[in-house]
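Working notes, structure below.
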Amino acid sequence: MRSTSETEGLTVYLAMALIPACVLCIFYIYPLLRILIISFTEPSVGFGNYVDIASSSVIRKVIGTTLWICSLSTLVALFFGYLLSYAILHASPGWQRWMVTAVLLSFWVSILIRAFAWIALLQTRGIVNEAMQSIGLTDAPVQLIRNQIGVVIGMVHYLIPTAVMPLLASMRNIDDRYVMAARGLGSSPFHAFRKIYFPLTLPGVFSAGILVFIFSIGFYVTPALLGGGRVTMLAEYIAVQVSHTLAWGQGTALAASILAMVLILLIVMARIANFKKMFGAVK
Amino acid sequence: MKRGRLSTGQFAVFGSAWIVICFLVLPLFVVVPVSLTPERFLSLPSGEISFTHYRELLEDASWRRSALDSAIVAFSSSFLAIALGTSAAIGCWRLSSTAGEAIRILMLTPMIVPSIVHALGMYRVWAEFGLLDTYPGLIIAYAMKGIPYVVVSVSVALANFDLRLEQAARSLGAAPFQAVRLTLLPNIWPGAVAGGILSFAIAWDEIVVALFLTRRAIYTLPRKIWDGIQDNVSPTIAAIGVILICATICAVLLKILWDRWSARRFGHAT
């Protein structure tokens, strides 16, 4: 009697887990697999699309731009994110709340509106240029959007909150008594930070960096709007390939490459950091 | 840490942290003066303040239609994500650890795959399924994107749930579904709601998937804003920006109040 009700219970839980998993496989995993298949079958069967990617100078330039902008934005966002997380953790509870609220606010504002705000600020007749001219810093407007500067500013603005959350989570687990011990033994504050605190945070910094880089690599909105067609990154290039030139083979091959890169980075990250902690203590 | 007196080092750290915060928050508010300009192009109001662009938002039926489309899609997809995500999280929680863990990792994939990749795949598959430019098409797409967030937050809530409550219900004669409904759900619903709100926010703001999966029949708010920025950057976008930012501020404040309440009521933040 008891064992039958146990198995009955298990069947219910199995169904509860499997039905959503099947839905996800049909509507999410299958489309991803289609990308892979198309990349090997259109326009002709084989590795042709991947060979083309490797040999095309245009695509090499796009990949180069993407990697350069993503690395630069990730590093800048990590630096400021680290500073911000450190300050948040060491602020008084009252200030802490305000700082976290500010980060949350900027995180939740629509990405389109954020790009728009930067366009209003940075365009040639925008507020930043007007201000710089009125205080005599520059004579003529400086080009701040439709180039890499604009894209990096917009991306850093998006990526700092993304970096702060995992950084905060990893810094919370560091025992401050190590630093106090170093201080007690006569080390200067900066020395104690550099020799004790900073090395302890490194695994968190690496995994936050990889996470931020993964987010940045597929960026579409910010580069497309702030780059103004002059700074083409991978996501925008893929969209243009597919919608204008109907080059599905090449577009899907690039998308599959992005996916492969993301997976490799995740595996690297899993080796450095505790995954479950990063995704908010799943278990 | 001593209060009141800051060393030079601490002063430098907190000073620069606040500069970073200003960099994050202040640019958002530039849309406020821009939305009040009397001109047709992006500019700051010089002397005269005008609400023309807000009136335009209210009078133009296409903005209302877009907001309605976004609301329909975001609400439906987050309900679907809550149903599927909660069910999956509970199922995985009770299954053997390896099977449960494998399914859970599968359910988390949409969190990490870049939008452009799944947008491309969905475009092809939706064309086969006849789902392009339909409400169900976009709703399903966003539900898939929302599932991981529900799975994560329900799993956190489940980690704090005492399994013996459910076992007690079962031993008192409750059927499996009854036991779930009567013991589990009252304890984990805040987690499901929190995940649902996240997936709502994503669906409300998503543009890449919308660009691929919709044409004319569905015209969401992000799509309308996107086209507005691409065609002619008019201050109307600033006006809608002000409204969206105010909504975000309200949501963040509500979230803080909610966290405090649920910490008191359930003993953990969601």
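Percent of alpha carbon pairs in segment B:1-115 separated by more than 16 Å?
Values: 5213 of 6555 pairs.
In whole percent, the share of Cα-Cα pairs in segment B:1-115 beyond 16 Å is 80.
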> How many angstrom lie between the C-alpha centres of segment B:149-193 and segment A:98-140?
Replying inline: 46 Å
>> Looking at the calculated P(r) for segment A:92-147, what percent of the C-alpha pair distances fall above 17 Å?
In response: 55 percent
>> Could you tell me how many cubic angstrom of Cα convex hull volume segment B:66-205 has per residue?
In response: 121 Å³
> In a solvent-free Debye calculation with one equal scatterer on each Cα, what is log10 I(q)/I(0) for the protein assembly as shown at q = 0.06, 0.09 Å⁻¹, listed in the order of the q values?
Replying inline: -0.33, -0.75
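Assuming R0 = 56 Å, can you tell me the calculated FRET efficiency for the pair B:Ser7 and A:Val268, based on Cβ-Cβ distance, to the nearest 0.05? Write down the numbers at each step before the final one.
Values: r = 38 Å, r/R0 = 0.67.
Step by step, r from the Cβ atoms, then E = 0.90.
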>> Can you pull out the GluC sites (Glu not before Pro) in segment B:47-134 whose DSSP state is coil and whose Cβ has at most 12 other Cβ atoms within 10 Å?
In response: B:Glu48
> At A:Leu200 and B:Lys255, where each label point lies 7 Å from the Cα along Cα→Cβ, what is the point-to-point distance in nanometres?
Replying inline: 2.8 nm
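With only alpha-carbon atoms in the gyration tensor, what are the semi-axes of the equivalent ellipsoid for chain A, in Å, largest first?
Working: eigenvalues 257, 237, 70 Å².
After scaling each eigenvalue by five and taking roots: 36, 34, 19 Å.
Starting with the fewest neighbours, write out A:Leu18, A:Leu32, B:Leu163 ranked by other beta-carbon atoms found within 10 Å of each beta-carbon. It would help to have the intermediate numbers written out before the result.
Values: A:Leu18 17, A:Leu32 21, B:Leu163 12.
Ranked by crowding around the Cβ, least crowded first: B:Leu163, A:Leu18, A:Leu32.
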> Mind checking the log10 I(q)/I(0) for chain B at q = 0.08, 0.14 Å⁻¹? Debye, one equal scatterer per Cα, no solvent, two decimals.
Replying inline: -0.48, -1.10
>> Restricted to Cα positions, what overall size does segment B:163-270 have along the principal axes? Three whole-Å values, descending.
In response: 66, 32, 15
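Select from segment A:177-236 those chymotrypsin sites (Phe, Trp or Tyr not before Pro) which occupy a DSSP coil region and have at most 15 other Cβ atoms within 10 Å, ordered by residue number.
Values: sites: A:Tyr178, A:Phe190, A:Phe193, A:Tyr197, A:Phe206, A:Phe213, A:Phe215, A:Phe219, A:Tyr220; in loops: A:Phe219, A:Tyr220.
Answer in residue order: no site qualifies.
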> What does the charge count near A:Ala102 come to, summing +1 for each Lys or Arg and -1 for each Asp or Glu among other residues with Cβ under 15 Å from its Cβ?
Replying inline: +3
>> If you average the alpha carbon positions of segment B:29-59 and of segment A:197-263, how far apart do those two centres end up, in angstrom?
In response: 35 Å
> In terms of the ratio Rg/(2.2 N^0.38 Å) built on C-alpha atoms, what value belongs to segment A:71-112?
Replying inline: 1.31
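Take the Cα atoms of segment B:98-165, build their convex hull, and give its volume per residue in Å³.
Values: hull volume 8.2 nm³, N = 68.
Output value, Cα hull per residue: 120 Å³.
Percentage of Cα-Cα pair distances in segment A:14-58 greater than 17 Å, rounded to whole percent? Provide the component values of the computation, followed by the final result.
Working: 524 of 990 pairs.
The calculated P(r) of segment A:14-58 puts 53 percent of pairs beyond 17 Å.
Determine, for A:Leu14, B:Leu95, B:Leu257, the number of other Cβ atoms within 10 Å of each Cβ, and report the residues in order from fewest to most. Intermediate results must be reported in sequence, preceding the final value.
Numbers: A:Leu14 17, B:Leu95 20, B:Leu257 9.
So the residues, fewest neighbours to most, are B:Leu257, A:Leu14, B:Leu95.
Can you tell me how segment B:52-107 classifies by the Cα gyration tensor, rounded, prolate or oblate, using a/c under 1.5 as the rounded cut?
prolate
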>> Restricting to DSSP H runs of at least four residues, report the calculated mean residue ellipticity at 222 nm for the protein assembly as shown, -39500 (n - 2.57) per run over all residues, nearest 500 deg cm²/dmol.
In response: -24500 deg cm²/dmol
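For B:Asp69, A:Asp176, A:Asp139, what's the fewest-to-most ordering of other Cβ within 10 Å of each Cβ? Spell out each step's value before the answer.
Working: B:Asp69 21, A:Asp176 13, A:Asp139 8.
Neighbour counts put them in this order, fewest first: A:Asp139, A:Asp176, B:Asp69.
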> Hey, can you rank A:77-85, A:44-52 by average C-beta count inside 10 Å, highest first?
Replying inline: A:77-85, A:44-52
> Which one of B:Ala127, B:Gly47, B:Ile245 is farthest out on the positive end of the charge dipole of chain B, using unit charges on Cβ (Lys, Arg +1; Asp, Glu -1) and the Cα centre as origin?
Replying inline: B:Ile245
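Rounded, prolate or oblate: which fits segment B:135-217, taking a ≥ b ≥ c as square roots of the Cα gyration tensor eigenvalues, rounded meaning a/c under 1.5, else prolate when a/b beats b/c?
Judged from the Cα gyration tensor, segment B:135-217 comes out prolate (a/c at least 1.5, a/b above b/c).
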> Going by the alpha-carbon gyration tensor, a ≥ b ≥ c the square roots of its eigenvalues, is segment A:1-103 rounded (a/c under 1.5) or, if a/c is not under 1.5, prolate (a/b greater than b/c) versus oblate?
Replying inline: oblate
>> Quick one: the Cα spread of segment A:183-283 along its three principal axes, in angstroms, biggest first?
In response: 67, 34, 19
> Just how far, in whole angstrom, is segment B:202-270 from segment B:69-86 if you go by their alpha carbon centroids?
Replying inline: 14 Å
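The numbers here are math on the coordinates, done by the rules we state, and not lab data. Just so it is clear, the model here is predicted, and its values are computed rather than measured. A quick note on method: Cβ atoms are made from the backbone with ideal geometry, for glycine too, and the neighbour counts reach across all protein chains shown.
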